[in-house]
Amino acid sequence: MHALLLGLALATGAPALKDPPPKGPVVVGRWEATQVVIGGQDTGQHTGLEYAFDPAGGWTIYRGAKALDGPRSFTTDSKLKPAAMDLTENGRTYPGIFKIEGDTLTLLFRTDGKADRPAGFDDAPDGLMKVVMKRVKAD
């Protein structure tokens, strides 16, 4: 009887198991652009630009406090190397890749209408756009 009570006391005093970490990179959240490269050139268009990805697969572009109109969705596949992300905006799909390193998200996607996905994160040559972002911390 004492062994049973001791076992119960130890079990209830043990720390609870933590949830396993999510598998693969997580893009859900709000991200502030720090760089926008189009056709290999840093455009300087990052000021005030934010992307927000929601858990239901929608995304929003913000310029300052203003959300830009347009139906948008995204899909990701973290099993591919590099991880794949397709951004859809107003019925047009932009195939791309992404990586997350700490609080930095790098997106590289096609803007020229071609269906092939970029192979790596080199400079964004013609037909590609690279956006580097930092995660926006919740207040």
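Here, each number is a calculation from the coordinates, and none is a lab measurement. Computed from a predicted model, the values in this text were never measured in an experiment. Don't worry about glycine lacking a Cβ; one is built from the backbone with ideal geometry, like all the others, and counts go over all protein chains shown.
Values as computed for the structure displayed
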| read-out | value |
| --- | --- |
| Ordering of 57-67, 42-52 by packing [mean C-beta count within 10 Å, highest first] | 42-52, 57-67 |
| Linear extension gain, residue 90 paired with residue 63, 0.36 nm per residue minus alpha-carbon span | 8.0 nm |
| Across 79/114; 79/137; 81/130; 66/134, pairs whose alpha-carbon gap is larger than 24 Å | 79/137 |
| Contour minus Cα-Cα distance for residue 54 and residue 79 (0.36 nm per residue) | 7.0 nm |
